[in-house]
1. Just to check I understand the Karplus step: with θ = phi - 60° and J = 6.51 cos²θ - 1.76 cosθ + 1.60, what whole-Hz values come out for the stretch 65-78, glycine and proline as x?
2. Can you show me the helix-derived [θ] at 222 nm for the chain, built from DSSP H runs with n ≥ 4 at -39,500 (n - 2.57) apiece and divided by the number of residues, rounded to the nearest 500.
3. If you take the charge dipole of the stretch 29-127 about its Cα centre, with +1 on Lys and Arg Cβ and -1 on Asp and Glu Cβ, which of A107, A78, L37 is farthest toward its positive end?
4. Counting only DSSP beta bridges with both residues in the chain, tell me the antiparallel percent, nearest 5.
5. Given the options N245, L182, L163, identify the residue whose Cα lies farthest towards the positive end of the charge dipole of the stretch 126-268 (+1 on Cβ of Lys, Arg; -1 on Cβ of Asp, Glu).
6. Pairs K4/K130; K23/K135; K16/K88: which are spaced more than 28 Å apart, C-alpha to C-alpha?
7. Can you compute the charge dipole magnitude of the stretch 101-169 about its Cα centre, using +1 on each Lys and Arg Cβ and -1 on each Asp and Glu Cβ, nothing else charged? Give it in debye, rounded to the nearest 20.
8. Could you state the number of Å between the C-alpha centres of the stretch 24-80 and the stretch 211-268?
Amino acid sequence: MQKKIIQISDIHFGEKTFSMELKNNLLRQVTDENPDLIIVSGDLTTEGYSHEYDDAAEFVDELNSISEVHVVPGNHDARNVGLIHFEKQIGERKFIHIDKSGGFVIAGLDSSEPDINDGQIGYDQLAWLKSELEKVPKDMCKIVTFHHHLLPIPQTGRERNILLDSGDLLRLFIDSGVDFVLNGHKHVPNVWMIEKMVTLNSGTATTRKLRGNTYPSYNELLIDDGGIFVNLINTFTGYKREVANYAVELNENEYSICSYNYNSDNGV
């Protein structure tokens, strides 16, 4: 059974480059895609203010009318004590979603830090994630999402704001057999693979805060028994193109990526 996941990041209500046209395009496109699950990987707002969260909550409600939605905070959402509004109007800052029929589990984490752009997961969340992943059957695909990028992203200038405890997180991911990591933050889509683990970054879906020749976009993951396909969707035009695909196998009843193929340009 194929399952479709839409990953969106960096909405930025309140940002001067935010586009209502792009937001409406996004909602129309996601409705047409009819996904099984929608993941928002942070930065719903720009400054974490209450009025920005009002718009963000309305947007999440619109997404919820399409499919089940899970949201984690980004660094912008944590500004100006914004996480108070996040918890009140959006929901919990971490989550676990299990889809037995689709054969995957998604864990969401809060990588934000109040009033700074840097991020970290922290000991408590690392312990929580380790405990949750230990409960997941080995034959299921393990996916983790949080806002800050785990690995450096090309075409984004000087490297900064990477997770402060990325090394500890990487070790946990490898030891726990995590297959996919979904991030945002840099506004540039990209895909890396390390130790049979894919890190997938989404671009900004609804703003014109773009680097180089990138365009507003979001990601689509198609998961079935034979593999996982990753598509990049242009929010301006709705044009979709495959950026990567992965064949998977059960080796001694353990889910793993056995081969992969990337587009020659694995970003945009």
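The values are calculated or read from the model by the stated rules, or taken from the named source; none is laboratory data. Being a predicted model, the structure only gives us computed values, none of them experimental. Cβ coordinates were reconstructed from backbone atoms using ideal geometry, including for glycine residues, and neighbour counts include every protein chain displayed. Calculation scope for accessible area: heavy atoms of the full protein, side chains included, ligands and nucleic acids excluded. Shrake-Rupley method; radii C 1.70, N 1.55, O 1.52, S 1.80 Å.
1. Per-residue couplings from phi come out as 6, 8, 6, 5, 10, 10, 10, 10, x, x, 4, 5, 5, 8 Hz.
2. -6000 deg cm²/dmol
3. A107
4. Beta bridges within the chain, antiparallel portion: roughly 65 percent.
5. Among N245, L182, L163, the one farthest towards the positive end of the dipole of the stretch 126-268 is L163.
6. K23/K135
7. Values: 6 positive and 11 negative charges, 65 e Å.
The calculated dipole for the stretch 101-169 is roughly 320 debye.
8. 22
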